[in-house]
Amino acid sequence: MPMLPGLDTPAPRRARRAEPPAPTEALKEKALAVHRRLCGVYGCPIPYFHNLDPLSELISSLLSHRTRNAESGRAFKALRARWPDWAAVEAADVAEIEATIRGVTWPELKAPRIKAVLAAVRERNGALDLDGLADLGVDAARAWLQAIPGIGPKTSAAVLSFSTLRMPALPVDSHHHRVAQRTGLIGKSVDVGPSHPILRAQLPADWSAQALYDNHEVLMLHGQKVCFHHGPACGACVLLDLCPTGQARTMA
């Protein structure tokens with residue numbers, strides 16, 4: 001795997017996962033139809049909600065796990081206000097970090113994880129800087145990030161997509177995943193992590209970072225506004241004719 005400039009410590013090797021089967025043409029067409037309809041509802045292109053450097057985006061993503069955006073945003077701002085830079089956070093006492101981010105879910109777990117991730121970035125790259133990910137390409141950059149304990153597929157994709165790197169990676173959150181399952185883009189037994197390569201393979205390989213960001217955002221928004229976890233509003237859904245779950249619910 002290509003390395004970031006100044007990297008002295010190679011990433012630990014992980015077992016390679018089997019590649020997902022190639023999607024059928026019908027599934028690709030359905031994925032595009034879902035994308036186009038939802039873009040018509042939510043308005044593409046969608047402006048980026050962050051303009052953070054990749055290391056800051058990494059910390060933001062770690063804070064956001066199982067936490068509402070408002071709470072994770074407040075915790076991120078509190079970290080930035082409490083310490084002048086990420087090096088100071090790395091050196092801070094874990095109890096102080098935990099108290100600063102207390103509004104997020106599981107601050108007692110996220111505080112030591114943030115310290116450990118910062119230390120791992122420094123150890124592997126020689127500096128608290130992830131700008132060099134841009135030189136690796138999407139697959140290698142995601143592998144580099146995911147070699148750090150505590151960073152999974154969603155976080156690695158979010159860092160590349162949402163940060164100032166603006167790389168063509170597709171994050172999948174719980175709302176996105178729910179819409180994809182109910183519409184039949186992925187099977188009901190496919191978890192969020194393994195869904196990343198499956199859903200990415202259904203979309204054109206040459207799509208830009210903006211197009212992939214739009215895809216994530218419109219499926220996420222649809223999950224938040226219509227395709228609720230409990231009591232989805234199937235009767236008001238523009239995807240009803242494409243959604244076997246919605247059709248079964250409305251017929252019942």
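The values are calculated or read from the model by the stated rules, or taken from the named source; none is laboratory data. Nothing here was measured: the structure is a model prediction, and the numbers come from that model. Using ideal geometry, Cβ is built from the backbone for each residue, glycine included, and neighbour counts are taken over all protein chains shown. Please note that ligands, DNA and RNA were not included when accessible areas were found on the heavy atoms of the full protein model with its side chains. Shrake-Rupley method; radii C 1.70, N 1.55, O 1.52, S 1.80 Å.
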**Q.** In the stretch 74-93, the residues that are closer than 12 Å to Ser56 by Cα and open to solvent by 30 Å² or more (accessible area, probe 1.4 Å)
**A.** Lys77, Arg80, Asp85, Ala87
Q: List every residue pair whose Cβ atoms lie under 8 Å apart, where the two residues are 6 or more positions apart in sequence or sit on different chains, the first residue falls within the stretch 226-252 and is of a type in the set (Asp, Glu), and the second residue, located anywhere, is outside any loop (DSSP other than H, G, I, E, B).
A: Asp241/Gln247
Q) Of Leu4, Leu52, which residue is at pLDDT below 95, closer than 19 Å to Val138 by Cβ and either touching a Gly at 6+ places or on another chain (Cβ under 9 Å) or surrounded by 14 or more Cβ atoms within 10 Å (Cβ to Cβ) (or both)? A) Leu4
Q: Scan the stretch 123-142 for residues that are within 14 Å of Leu55 (Cβ to Cβ) and without any contact (Cβ under 8 Å) to a residue 60 or more places away in the chain and report the count.
A: 2
**Q.** Which numbered condition Val179 misses (of (1) farther than 18 Å from Pro23 by Cα; (2) modelled with pLDDT of 95 or more; (3) touching a Gly at 6+ places or on another chain (Cβ under 9 Å); (4) not in a loop (DSSP other than H, G, I, E, B))
**A.** (1)
Q) Do we find a residue being crowded, with 22+ Cβ neighbours inside 10 Å, within 21 Å of Arg66 (Cα to Cα) and either of a type in the set (Gly, Ala, Ser) or at pLDDT 95 or above (or both) anywhere in the stretch 227-238? A) yes
(Q) I'm trying to understand the selection: among the residues of the stretch 182-210, which are touching a residue at least 40 places away in the same chain (Cβ under 8 Å), within 30 Å of Asp129 (Cβ to Cβ) and in a loop (DSSP other than H, G, I, E, B)? (A) Ser208
Q. Could you give every pair whose Cβ atoms fall below 7 Å, whose first residue belongs to the stretch 143-161 and is over 17 Å from Asp173 (Cβ atoms) and surrounded by fewer than 23 Cβ atoms within 10 Å (Cβ to Cβ), and whose second residue is modelled with pLDDT under 95 and not charged (D, E, K, R), counting only separations of at least 6 or pairs across chains?
A. Ala143/Met1; Ala147/Ala11; Ala147/Pro12
Q) Of the residues that make up the stretch 144-155, is at least one modelled with pLDDT of 95 or more, of a type in the set (A, V, I, L, M, F, W, C) and part of a helix (DSSP H, G or I)? A) yes
Q) When Arg66 is evaluated against the numbered criteria (1) open to solvent by 70 Å² or more (accessible area, probe 1.4 Å); (2) in the same structural domain as Pro149 (by the TED database); (3) assigned to a helix (DSSP H, G or I); (4) under 28 Å from Lys225 (Cα atoms), which criterion, by number, is the only one it fails? A) (3)
Q: Among the candidates Ala87, Ala33, single out the residue that is of a type outside the set (D, E, K, R), modelled with pLDDT of 95 or more and outside the structural domain of Leu242 (by the TED database).
A: Ala87
